[in-house]
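Visitor: If you scroll down you'll find the structure; I have some questions about it.
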Amino acid sequence: MKKSRIIATGVYLPEKVLTNADLEKMVDTSDEWIVSRTGMKERRIARDDEYTSDMGAIAAERCLESIDMPKDKVDCIITATLTPDYTFPSTACLIQNKLKVKGAACFDIQAACTGFIYALSIAKAYVDSGTYKNVLVVTSEKLSSIVDYTDRSTCVLFGDGASAVLVSAEGDGLEVTSICLGADGEQADLLYMPGGGCRNPASHETVEGGLHFLKMSGNEVFKHAVRRMESAAKECLEIAKINEKDVSWIVPHQANVRIIDAIAKRFEHLPADRIYKTVHKYGNTSCSSVGLALDELMKEGNVSNNEHLLLTAFGSGFTWGASILTYKKGNVS
Ligand code: UT7
């Protein structure tokens, strides 16, 4: 069996910044409420003519360029998103066309905010089994296209952005040491978008009723998010037989700084400043949040050989997952 490694990362963030002061002019909210309840100060918003596939393609291009990987070496593109350009074809196919990676297998997956870890698990299976050598995992979200900017309980939370990682059998990088996934469909209606699928196809009524906007019972989701991200992370450590004390960084889904801090408290051996945070500047970018944080952490250059990172995420479905990544330099056996 090969051992998969993330050998390159890349990101794309739209230029437009939506600040708390901007939101104060749009809905009945305040910078004080947003910062104290979420930790968010600003988030990025895509242009009207900038789509999920555009952002994903730029992140992917940057990822490949960072290690001078020729595009024709990519065997497969997996895109995680809950805001695809179209219901079909897949956003992965659109990204393939923009990248001009002819022939690579392409498909999308839908695991909401846990999409990065779910997609990584598939890439790992392909690479470990020898099915493919180089799998590009792309996460991209234009959440601004499904957020109701008159609903203060959700519009302050979300931002747009994309991340990409190349999972490969060869090269220095983050070995995917273990992955745990889980889901519970019983609470699907606590975080969902009612319109646009076959149950409520687009009609005047669905548009007028606001069914094409995301709906969330924030309080309920909050409790589940903390519990599930903690338990997935601990299960993943157990499977990998790695002690909490040996983890250098936790890279959690960036839904809310209070959720992140609650998770930090449950890992008593890890100093609070070793929980990586980007939530203050990008908000909740759904499945892109872990990839954005991971790219930033790696580019800061503070991860050394054999150090372990612990990723953990939670999202609509509910879905959850965790992964341990171990930085490895040198040949893969
Ligand atoms: O990414 C996938 C998973 N998503 C999450 O994990 C998100 C989880 N949930 C959360 O992060 C938090 O529940 C929120 C940030 C969404 C809300 O924070 P909260 O502390 O749970 O607030 P709440 O919903 O209990 O609302 C408290 C009060 C309410 O007013 P009353 O009823 O107490 O008078 C809300 O109407 O705050 C009010 N409120 C606001 N006030 C000012 C809600 N949104 C706002 C706002 N500005 N933007």
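The values are calculated or read from the model by the stated rules, or taken from the named source; none is laboratory data. These numbers were taken from a predicted model, which means no experiment stands behind them. Positions of Cβ are backbone-derived with ideal geometry, glycine not excepted, and every protein chain shown enters the neighbour counts. Calculation scope for accessible area: heavy atoms of the full protein, side chains included, ligands and nucleic acids excluded. Shrake-Rupley method; radii C 1.70, N 1.55, O 1.52, S 1.80 Å.
Visitor: Within the stretch 226-257, can you find the residues that are acidic (Asp, Glu) and farther than 23 Å from Val279 by Cα?
Guide: Of the residues in the stretch 226-257, the ones acidic (Asp, Glu) are 230, 235, 238, 244, 246.
Correct list: Glu235, Glu238, Glu244, Asp246.
Visitor: Return the residues of the stretch 132-149 that are open to solvent by 20 Å² or more (accessible area, probe 1.4 Å) and either modelled with pLDDT under 95 or in contact with a helix residue (DSSP H, G or I) (Cβ under 8 Å, 6 or more places away or on another chain) (or both); say none if nothing qualifies.
Guide: Once the filter is applied, which keeps residues that are open to solvent by 20 Å² or more (accessible area, probe 1.4 Å) and either modelled with pLDDT under 95 or in contact with a helix residue (DSSP H, G or I) (Cβ under 8 Å, 6 or more places away or on another chain) (or both), the stretch 132-149 yields Tyr132, Lys133, Lys142, Asp148, Tyr149.
Visitor: With respect to Leu190, determine if the residue is within 14 Å of the ligand (Cβ to nearest atom), assigned by TED's automatic domain parsing to the domain that holds Asp295 and over 19 Å from Gly283 (Cα atoms).
Guide: Numbers: within 14 Å of the ligand (Cβ to nearest atom): yes; assigned by TED's automatic domain parsing to the domain that holds Asp295: yes; over 19 Å from Gly283 (Cα atoms): yes.
Here the answer is yes, as Leu190 does meet what is asked.
Visitor: Let me ask you something else. For the stretch 309-331, name all the residues that are more than 16 Å from the ligand (Cβ to nearest atom) and in contact with an Asp or Glu (Cβ under 6 Å, 6 or more places away or on another chain). Spell out how you get there, then give the answer.
Guide: Applying the first criterion (more than 16 Å from the ligand (Cβ to nearest atom)) to the stretch 309-331 yields 309-310, 323-331.
Of everything in the stretch 309-331, those that are more than 16 Å from the ligand (Cβ to nearest atom) and in contact with an Asp or Glu (Cβ under 6 Å, 6 or more places away or on another chain) turn out to be Thr326, Tyr327, Lys328, Lys329.
Visitor: Follow-up question, since we're still on this one. Let me confirm something: among Ser178, Ser203, which residue is touching a residue at least 40 places away in the same chain (Cβ under 8 Å), among the hydroxyl-bearing types (Ser, Thr, Tyr) and open to solvent by less than 50 Å² (accessible area, probe 1.4 Å)?
Guide: When all the criteria are applied, what remains is Ser178.
Visitor: Return yes when Cys63 is at pLDDT 95 or above, over 27 Å from Met216 (Cα atoms) and either in the same structural domain as Thr285 (by TED's automatic domain parsing) or not hydroxyl-bearing (Ser, Thr, Tyr) (or both) and no when it is not. Walk me through how you get there before you give the answer.
Guide: Details: at pLDDT 95 or above: yes; over 27 Å from Met216 (Cα atoms): yes; either in the same structural domain as Thr285 (by TED's automatic domain parsing) or not hydroxyl-bearing (Ser, Thr, Tyr) (or both): yes.
So Cys63 passes the test.
Visitor: Can you pull out the helices (runs of 4 or more DSSP H) entirely within the stretch 1-81 that have at least 2 residues that are of a type in the set (A, V, I, L, M, F, W, C) and closer than 26 Å to Asp261 by Cα?
Guide: Passing ranges, in order: 20-26, 31-38.
Visitor: Also: Keeping to the stretch 139-157, report how many residues are in contact with a Gly (Cβ under 7 Å, 6 or more places away or on another chain) and more than 17 Å from Gly195 (Cβ to Cβ).
Guide: 5
Visitor: Taking the stated definitions as given, is Gly291 in contact with a Ser or Thr (Cβ under 7 Å, 6 or more places away or on another chain), within 16 Å of the ligand (Cβ to nearest atom) and touching a residue at least 40 places away in the same chain (Cβ under 8 Å)?
Guide: Numbers: in contact with a Ser or Thr (Cβ under 7 Å, 6 or more places away or on another chain): yes; within 16 Å of the ligand (Cβ to nearest atom): yes; touching a residue at least 40 places away in the same chain (Cβ under 8 Å): yes.
Yes, satisfied.
Yes/no per residue for (1) without any contact (Cβ under 8 Å) to a residue 24 or more places away in the chain; (2) within 16 Å of the ligand (Cβ to nearest atom):
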residue	(1), (2)
Glu170	no, no
Leu174	no, no
Asp184	no, yes
Gly195	yes, no
Lys215	no, yes
Arg228	no, yes
Ala240	no, no
Glu244	no, no
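Visitor: Further question on the same structure: Name the single residue, out of those in the stretch 1-37 being farther than 30 Å from Gly130 by Cβ and among the hydroxyl-bearing types (Ser, Thr, Tyr), that is surrounded by the most Cβ atoms within 10 Å (Cβ to Cβ).
Guide: Going through the stretch 1-37, the residues farther than 30 Å from Gly130 by Cβ turn out to be 12-37.
The next check asks that each one be among the hydroxyl-bearing types (Ser, Thr, Tyr); those that pass are 12, 19, 29-30, 36.
Values: Tyr12: 26, Thr19: 14, Thr29: 17, Ser30: 13, Ser36: 11.
By that ranking, first place goes to Tyr12.
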